[in-house]
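Down below is the structure, laid out as structure tokens.
The values are calculated or read from the model by the stated rules, or taken from the named source; none is laboratory data. Note that the structure is predicted; figures quoted are calculated from it, not measured. Please note: Cβ atoms are built from the backbone with ideal geometry, for glycine as well, and neighbour counts cover all protein chains shown.
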Number of protein chains: 2
Amino acid sequence: MIKWIFFDIDDTLFDSKELAYHSRMNAVKAMISAGLPEKDPEKIYQELLKIIKEKGSNYGKHYDDLLEIYGMRSSQLVASAVVAYHNTKMAYLKPFPDVVPTLLELEKKYKLGVITNGRAVKQWDKLIRLGLQHFFEEVIISEEVGVLKPDEKIFRVALGKAGCEPKEAIMVGDKESDIAPARELGIGTICVGDFDSDFTVKNFSEVLEGIEKIGS
Amino acid sequence: MIKWIFFDIDDTLFDSKELAYHSRMNAVKAMISAGLPEKDPEKIYQELLKIIKEKGSNYGKHYDDLLEIYGMRSSQLVASAVVAYHNTKMAYLKPFPDVVPTLLELEKKYKLGVITNGRAVKQWDKLIRLGLQHFFEEVIISEEVGVLKPDEKIFRVALGKAGCEPKEAIMVGDKESDIAPARELGIGTICVGDFDSDFTVKNFSEVLEGIEKIGS
């Protein structure tokens, strides 16, 4: 019998890819409008992506490094980028439209949890801004466990906290790192996206159907 | 003849004191609601103020230190506080109601500038979020000059950038550190608040009258 449903956050509960693209692109456009000499947003965006890839997404000086490429130092341009990024992020940090009604259905029958990679305060920040934090009884974050998905340990920690067997749990995620290790442990798997799993869905609301199929 | 009007930002262009109080108080209340064992917001607020006073307002771990007082570590509570703080800050980061119409009048006759204490990106961030950045032709920030108001140097740097004489400039601020050094240099002074100056106003719109009196 299925007792627990665990969810990934990014690109499962909200559109993290769209958020990242538009936030960064609007940061770039704000810098252009505040006086960056290069005026092609696509070109600057590619330079920004290179910096993010090299320095990681938690590095605090992306925009300073970007300005350096164009021989500039400017607190005004950095602040313009930061404000545009944050305003756009806040507009996109909303659950997929069918997430709240689906979770409302699910929490009548199952206990709900989160298994996510990232910094603890940052992942909690997302859950709270998404308005979803009260749905989840257990939130397992890689920073606190010490390993990232696809390490099986993070799933074992989740099962331990929930006090349930693998066959009593289902993992809902969008990536191989959500699905493969869960399946390896005997946890049911639902993929919101294109990746192979016990049940693959296009819309979040189909998760309801997936759970019933896997549980039967 | 008056050519340049310089403004302080915090508590001159917007209500920084109200912003700080409500943002911090709402952070405290969010922590209580997310499970902090102490339930008296006033008591927790006072502890938070002590930490801010001791560590400075740019220290990144205020809420972690606060939790430690109550024997806790919790990313959820830290994130709850951060989100409540930021949401409240965004609601309060608005110019005083008469700032925009007054600046619109002033920029027809004078050049406008800012002389402010703080970190450069943070002060630009405020100007941009306030929607006031396009009014000012020169923005002089202590971090970039290397000294804080009331050091006269920051005023001399401002006059140099503006290319004007002290008697051609007026400083508008709310604190002794805005007024005293400006007056010492021969710059006209207008105080938005209770401090003694060439012209003291209660509402920002009275700045117009003050400039005419000082200039005549």
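Please work out if A:D64 is of a type in the set (D, E, K, R), within 14 Å of chain B (Cβ to nearest Cβ) and out of contact with any Phe, Trp or Tyr (no Cβ under 9 Å at 6 or more places or on another chain).
In short, yes.
Tell me which residues, restricted to the stretch B:61-115, are part of a loop (DSSP other than H, G, I, E, B) and over 19 Å from B:I9 (Cβ atoms). Reasoning before the result, please.
Restricting attention to the stretch B:61-115, the residues satisfying the condition of being part of a loop (DSSP other than H, G, I, E, B) are B:61, B:70-74, B:93-94, B:96-98, B:110.
Correct list: B:K61, B:Y70, B:G71, B:M72, B:R73, B:S74.
Within the stretch A:176-202, how many residues are part of a loop (DSSP other than H, G, I, E, B) and under 16 Å from A:R156 (Cβ atoms)? First the steps, then the outcome.
Our first condition is that a residue be part of a loop (DSSP other than H, G, I, E, B); within the stretch A:176-202, this holds for A:186-187, A:193-198, A:202.
Then keep just the ones that are under 16 Å from A:R156 (Cβ atoms); that gives A:186-187.
Looking only at that region, the number is 2.
Inside the stretch A:37-51, can you point out the residues that are more than 17 Å from A:D64 (Cβ to Cβ) and of a type in the set (K, R)?
A:K39, A:K43
Test A:P181 against the stated conditions and say whether it is in contact with a Gly (Cβ under 7 Å, 6 or more places away or on another chain) and more than 14 Å from chain B (Cβ to nearest Cβ). Quick ask: steps written out before the conclusion?
Numbers: in contact with a Gly (Cβ under 7 Å, 6 or more places away or on another chain): no; more than 14 Å from chain B (Cβ to nearest Cβ): yes.
Taking the combined requirement at face value, the residue does not satisfy it.
Can you pull out every residue in the stretch B:129-181 that is in contact with a Lys or Arg (Cβ under 9 Å, 6 or more places away or on another chain), of a type in the set (V, I, T) and either within 24 Å of A:A34 (Cβ to Cβ) or crowded, with 16+ Cβ neighbours inside 10 Å (or both)?
Result: B:I140, B:I141, B:V145.
I'd like the full set of residues that are more than 14 Å from the chain's Cα centre (by Cα), crowded, with 16+ Cβ neighbours inside 10 Å and more than 25 Å from A:M31 (Cα to Cα), limited to the stretch B:80-98.
B:S80, B:A81, B:V82, B:V83, B:A84, B:Y85, B:T88
Looking at (1) surrounded by 18 or more Cβ atoms within 10 Å (Cβ to Cβ); (2) free of Cβ contacts under 8 Å to residues at least 40 places away in the same chain; (3) within 13 Å of chain A (Cβ to nearest Cβ), find the lone condition where B:L103 falls short.
So the condition that B:L103 fails would be (3).
Within the stretch A:121-160, how many residues are within 14 Å of chain B (Cβ to nearest Cβ) and part of a helix (DSSP H, G or I)?
Count: 17.
Among the residues of the stretch B:73-100, what is the count of those that are among the aliphatic types (A, V, I, L, M) and away from every other protein chain (no Cβ under 12 Å)?
Looking only at the stretch B:73-100, we keep the residues that are among the aliphatic types (A, V, I, L, M), and these are B:77-79, B:81-84, B:90-91, B:93, B:99-100.
Checking which are away from every other protein chain (no Cβ under 12 Å) leaves us with B:91, B:99-100.
Qualifying residue count, the stretch B:73-100: 3.
Tally time: how many residues in the stretch A:26-51 are part of a helix (DSSP H, G or I) and in contact (Cβ under 8 Å) with a residue 24 or more places away in the chain? Walk me through it before giving the result.
So in the stretch A:26-51, the residues part of a helix (DSSP H, G or I) come out as A:26-33, A:41-51.
Restricting the remaining residues to those that are in contact (Cβ under 8 Å) with a residue 24 or more places away in the chain gives A:26-31, A:33, A:48-49.
Adding up the residues that qualify gives 9.
Please give the number of the condition A:G193 fails out of (1) at pLDDT below 95; (2) at positive phi; (3) in contact with a helix residue (DSSP H, G or I) (Cβ under 8 Å, 6 or more places away or on another chain).
Only one criterion is unmet by A:G193, namely (3).
I'd like the full set of residues that are within 14 Å of chain B (Cβ to nearest Cβ) and either of a type outside the set (S, T, N, Q) or more than 10 Å from the chain's Cα centre (by Cα) (or both), limited to the stretch A:108-120.
A:G113, A:V114, A:G118, A:R119, A:A120
Table: residues versus (1) polar (S, T, N, Q); (2) buried (at least 18 other Cβ atoms within 10 Å of the Cβ); (3) closer than 30 Å to B:K111 by Cα.
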{"site": "B:D8", "(1), (2), (3)": "no, yes, yes"}
{"site": "B:R24", "(1), (2), (3)": "no, yes, no"}
{"site": "B:S33", "(1), (2), (3)": "yes, no, no"}
{"site": "B:K43", "(1), (2), (3)": "no, no, no"}
{"site": "B:K50", "(1), (2), (3)": "no, no, no"}
{"site": "B:K53", "(1), (2), (3)": "no, no, no"}
{"site": "B:Y59", "(1), (2), (3)": "no, no, no"}
{"site": "B:H62", "(1), (2), (3)": "no, yes, no"}
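Can we say A:K126 is in contact (Cβ under 8 Å) with a residue 60 or more places away in the chain, within 23 Å of A:K89 (Cβ to Cβ) and surrounded by 19 or more Cβ atoms within 10 Å (Cβ to Cβ)?
On the way: in contact (Cβ under 8 Å) with a residue 60 or more places away in the chain: yes; within 23 Å of A:K89 (Cβ to Cβ): yes; surrounded by 19 or more Cβ atoms within 10 Å (Cβ to Cβ): yes.
So A:K126 fits the description; yes.
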